[in-house]
Structure formats: structure tokens, C-alpha cells
Amino acid sequence: MSDANVYSDGSTTVLLAGVGGQGTILAADLLAKTAIANGLSVKLSEIHGMSQRGGSVTTVVRLGKTVNSMVCGAGSADYLLSFETTEALRNLPYLKRGGLLLVNDASIKPLPVLTGKDNMPKHARERLLDVGATLVPARRLACQAGSVKCANVVLLGALAAGMPFAQESWEGQIRLRVPPKTIDMNIEAFRLGMEAVQHAE
């Protein structure tokens, strides 16, 4: 991890944002377990909205040799991994200047929009590109791997491309965590996510 990607205690902060049912919690768990397998300390906190109804789900993962707190205030996240565009815009203030912004190139209508209490943000993709986001076609790549259900692992692969852990370490944790029948599909999804970001650089 570069000096630019450290918190005051030397740790790195990753903010994962999505809606219920997108697999953000599994992705955060795989990140945490990979970091632990590489000898780092990890603290993880989850904020669940109305996840059963498609509400916001935000997870903070902080990792490093020493992790003293779970605080993720404005401008303190080294990485923001968003599972859809609206949540990316909503959580953008948490990303630090020069941080890495990875966004699933898809939008999901949140509960307030579905109930008519709010509107979808306009020009979300353009606004995200303007602030340097890398848009990942997670749904398409997941289908290419075998199932749209592994879009979260595609996004994990995209995140992994910018982190200092060996590919084999990530894949080892995936093999341990996902159902046996889906291992090959999830490994392929992970690799496609990594490649998508590497080719975009």
C-alpha cells in the first residue's frame, strides 16, 4: 500500500456501497479474509438499511498493520467500491482526494424512488466519469462467467487490481467461501473483473 493510501494509524480504508441483495457483504468478507491471510489486522463495520427491500447497505473495511478505529468520515476512504451508480454518488463525499473510485455500470431504483418520494439522480454516469470513476460492466462480465449472481465477485476483482495482495491469495479465499459448485464460475468472474480494470488503465 502506497503512502498516499494510508490513514493516520497507517491503515487503509475501503468503503463498499450497494443495495440489499447485491452481495456487498460477501465482497467485504472476502476482502477482510484476504487481508487477514496476508498478515494484516482488519476491522469491519456494516450499516444495513432496509436491505430486504433493496435499501442501502454500506460496509467499511479498514486494514493495516495496526487499525485503531472504524471511523470513515468525509474524505477518508482510500477506495470506494460501489455496486451501482446512485450509491456511488451518495457516498462520493467519503472518498479522499486521489482515492480510487470503482463503480458498477448499472443503476437500481432505491426504495424512495420506487415509492415516489424521490427521483433518480440525473446524468449519474457522466457525473461519475467527471470525477474519475472507473465504470465496470459487472453484469455483463458476470453473465460471461456463468451467472449474473456473481457480479459482486466481478467487482471484487476490479478492487483487487488496485490492491497489494497476490491474485492467488484472493482466489484462495473465494474457493473457501463460495459454494463448491460455483467455485469455477466465481474465479472466472473475479479474473474478468481484474482484467477489466487493468485494461482500462
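Quick note: the coordinates plus some simple rules give every number you see, no bench work behind them. Here the structure is a predicted model, which means the values were calculated and not measured.
Given the pairs LYS96/LYS122; LYS33/LYS122; LYS65/LYS181, which span a C-alpha to C-alpha distance of over 29 angstrom in this model?
Where the Cα-Cα span goes over 29 Å, the pairs concerned are LYS33/LYS122; LYS65/LYS181.
For segment 180-192, in order, what is each residue's ³J(HN,Hα) by Karplus, 6.51 cos²θ - 1.76 cosθ + 1.60 with θ = phi - 60°, in whole Hz (x at glycine and Pro)?
x, 5, 9, 4, 4, 4, 5, 5, 5, 4, 4, 5, 5
Which whole-number percent gives the relative contact order of segment 75-192, counting Cα pairs below 8 Å spaced six or more residues apart?
Computed over segment 75-192, the figure is 22 percent.
How many percent of all Cα-Cα pairs in segment 136-175 sit more than 16 Å apart?
Pairs farther apart than 16 Å: 35 percent.
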